[in-house]
Each structure stands twice: as C-alpha cells, then as structure tokens.
Amino acid sequence: MATKIVWMDGELINWDDATVHVTSLGLHYGLGFFEGIRCHSTPAGPAIFRLTDHLRRLRRSAAIYGVKLPYPIEDLAVACRSVVAANHLSDCYLRPLVFMGEGGNPFATAFRTAIIASESGPLAGSPAGAGARAQISSFQRFGANSMPPTAKACGQYLNSYLAQAEALRAGCDEAILLNAKGLVADGWAHNVFVVVDEAVVTPPVSAGALPGITRQTIMTLAAEDGLAVREQDLARSDLYLADECFLTGTSVGVVPVLSVDGRPIGVGEPGPVTARLIERLSDVMHGMVDAHKDWRESVA
Ligand code: PMP
C-alpha cells in the first residue's frame, strides 16, 4: 500500500510524515468526506477516470453536511495529478480525504485534506474479474432523514462495515442492503444492477443508492450499446429472478453476481450483457476507444 509521497494540506510530503494527532475529530466522530478514484495507463499516458466528476461529488458530499471544502476542486484536481506523478504511478487508486482536524468543538474546527495514491486500493470485496456470491444484509441502508445516502461521508461507512462484515462471516463476498421499505438500495460499496429481458435496471438514488460514478458510466455505455436502461425500484425477488445481476464501483469496476442468498442468478455464471459491459468499461477507461475522451483526465 505504501508509496513515497502523500499530498496533505497543500503540500507533497513524505509518506511517513502524513500523520494526524489522536485528538483529530474526524477520527472520533467520522466527520469527513472521501472519494475513491482510479488512474489507468492509456496510450496517451496515465489518465484519471472522471476525476472532475469525483471531485464534484466530494464537494456535494461536504455541502450536504454544510461544509465547504478547504480547497477548490480545480486545486484538488491538480493535487491528484501531482501525487500520481510524484510517486511515478500509472495504474493506481486515489483516495482524496477531507477530515476534521484537531480540536474540542466539532462545530468550530477546521477540516484538513489529504490525497493518498496507492497501487492497489481497497481490498475488502470481490477480487477483480471473479464473480461474487452476494447476500442480502440483515442491516438496513440508512434513510435520507438519518444520514443522506447521497453523501460519501466517512461515518456513514459504519453501516457498510456492519453489512459487509456479516456477509464475509457468512462466507459470501458482497453485501447488498435494502432500505426501510424493503427495496434494494445499494451494495456496501457498490451499486446494484440487474439485466431483465435485455434491459439494464438499477434502483433510483432515492432508494438509498450512492450516485455512483461507475453506475452513471455503465448506464451511458449500456444505452450506447442499444440496451434499454431504467432506474426502477427492485425487490429482493427481482434479484433472484433476474437474467443477470452485477455490481459497479470504482474499486472493482463491474463485478458479476453469481448468486444472491445462495440462489444462482440466471445460469450462475457471468452473463453476456455483464461481460460486454465489463469490456466496454475497460476500453473506455484505458483509452482503447476514442469515445468519452473527456472522462480520461490526463495526469500530464
Ligand atoms: N455505493 C456505495 C455505498 C459506495 O461506497 C460506492 C463506492 N464509492 C458505490 C456505490 C460506487 O460508487 P462509484 O462507482 O462512484 O465508486
């Protein structure tokens, strides 16, 4: 995981110096906002996938909590590029993190900013490329009047943690969470899709899904491929009966779901639509096609 250089509060500093004091309130109360972003090698050099869209979401996550980011997103974009370049990385994972610093009063303490680049990224879910066995979590996705699910805020991930720890203990790879109405909301760190009669369907953000960047990318690519794409509420039985099911997220791209609650989805193998979308996404991210140039934000 360790690289040489971290960007912190406006400077590139050594990995070992990128530390915080135990009185940092971000640590105590989960007061922080973060992103997970991927950089890929492309024929035109390393490119960060949808960097600006990720940083816009970071700004929105903070704004939901009434917090203004310590830096404009244009500066954070430069910082992301600089930390990739300073570590001589190409294919890597970026973790911008805005967290509350040292203080006594969480309503009057400044936020700090760090950007970490690493070769691998998060390791808790399905290995890339492999299909996943998913389980519906006994933990519910929080509602918009508890903690707004559209924010990618640090403390909110305790809900994901409970769900995914339960799934791993049960021998599954991925947790899927339902909302208070019993409808599919989201994965613990992925959005959920099904393929039914050649249509690609995902729950609306209002069901409690994070507005995923990969989700939006896949909806665009599927529509370009001539597939019908719909946002629609899904019950767990819609997952059981789907022709195909897959999860999307920055850490792993598209993960085929082979079973939900032990029930095979379709024939229990990655389906043709899922396979096609995995290929399309990889081509676009790695610049193997000309389309969507604006999504590949060059490091240089
Ligand atoms: N849902 C949750 C709860 C997540 O944490 C993530 C990861 N950011 C996603 C969905 C997928 O979002 P993205 O495609 O932007 O990584």
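The values are calculated or read from the model by the stated rules, or taken from the named source; none is laboratory data. Note that the structure is predicted; figures quoted are calculated from it, not measured. We place every Cβ from the backbone using ideal geometry, glycine too, and count neighbours over all the protein chains shown. Side chains included, ligands, DNA and RNA excluded: accessible areas come from the protein's heavy atoms. Shrake-Rupley method; radii C 1.70, N 1.55, O 1.52, S 1.80 Å.
For first residues located in the stretch 140-156 and closer than 18 Å to L69 by Cα, partners that are within 11 Å of the ligand (Cβ to nearest atom) and assigned to a loop (DSSP other than H, G, I, E, B) and lie 6+ apart or on another chain with Cβ distances below 6 Å form the pairs T150/P211.
Restricted to the stretch 206-238, and to residues there that are within 16 Å of the ligand (Cβ to nearest atom) and among the small types (G, A, S), the residue that is most open to solvent (accessible area, probe 1.4 Å) is S206.
Return yes when P264 is within 30 Å of C92 (Cα to Cα), of a type outside the set (K, R) and away from the ligand (no atom under 16 Å from the Cβ) and no when it is not. It is false that P264 is within 30 Å of C92 (Cα to Cα), of a type outside the set (K, R) and away from the ligand (no atom under 16 Å from the Cβ).
Listed here are the residues, each with its yes/no results for (1) within 16 Å of the ligand (Cβ to nearest atom); (2) surrounded by fewer than 23 Cβ atoms within 10 Å (Cβ to Cβ); (3) over 20 Å from V299 (Cβ atoms); (4) aliphatic (A, V, I, L, M).
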position: R38; (1), (2), (3), (4): yes, yes, no, no
position: T42; (1), (2), (3), (4): no, yes, no, no
position: G45; (1), (2), (3), (4): no, yes, no, no
position: R56; (1), (2), (3), (4): yes, yes, no, no
position: A62; (1), (2), (3), (4): yes, yes, yes, yes
position: P72; (1), (2), (3), (4): no, yes, no, no
position: H88; (1), (2), (3), (4): no, yes, no, no
position: A110; (1), (2), (3), (4): no, yes, yes, yes
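Counting only strands (runs of 3 or more DSSP E) wholly contained in the stretch 196-300, the ones carrying 1 or more residues that are under 29 Å from V84 (Cβ atoms), in contact (Cβ under 8 Å) with a residue 24 or more places away in the chain and touching a Gly at 6+ places or on another chain (Cβ under 6 Å) occupy 244-249, 296-298.
Just one of the listed residues (A153, A117, A209, A165) is within 20 Å of T274 (Cβ to Cβ) and either assigned by TED's automatic domain parsing to the domain that holds I13 or at pLDDT 95 or above (or both), and it is A209. Residues in the stretch 255-266: is at least one at pLDDT below 95 and surrounded by 14 or more Cβ atoms within 10 Å (Cβ to Cβ)? Yes: one or more hits. So, of the residues in the stretch 173-205 that are of a type in the set (D, E) and open to solvent by 40 Å² or more (accessible area, probe 1.4 Å), which turns out to be modelled with the highest pLDDT? Result: D197. Listed by first and then second residue, the pairs with beta-carbon distance under 7 Å, at least 6 apart or on different chains, first residue in the stretch 160-177 and under 17 Å from G30 (Cβ atoms) and small (G, A, S), second open to solvent by 30 Å² or more (accessible area, probe 1.4 Å) and modelled with pLDDT of 95 or more, are S160/W188; S160/A189; A163/F139; A163/W188. The conditions of being closer than 27 Å to S90 by Cα and surrounded by fewer than 17 Cβ atoms within 10 Å (Cβ to Cβ) are met by S282.
When the helices (runs of 4 or more DSSP H) confined to the stretch 21-125 are screened for residues that are touching a residue at least 24 places away in the same chain (Cβ under 8 Å) and either under 13 Å from W7 (Cβ atoms) or touching a His at 6+ places or on another chain (Cβ under 9 Å) (or both), those reaching at least 3 such residues are found at 73-86.
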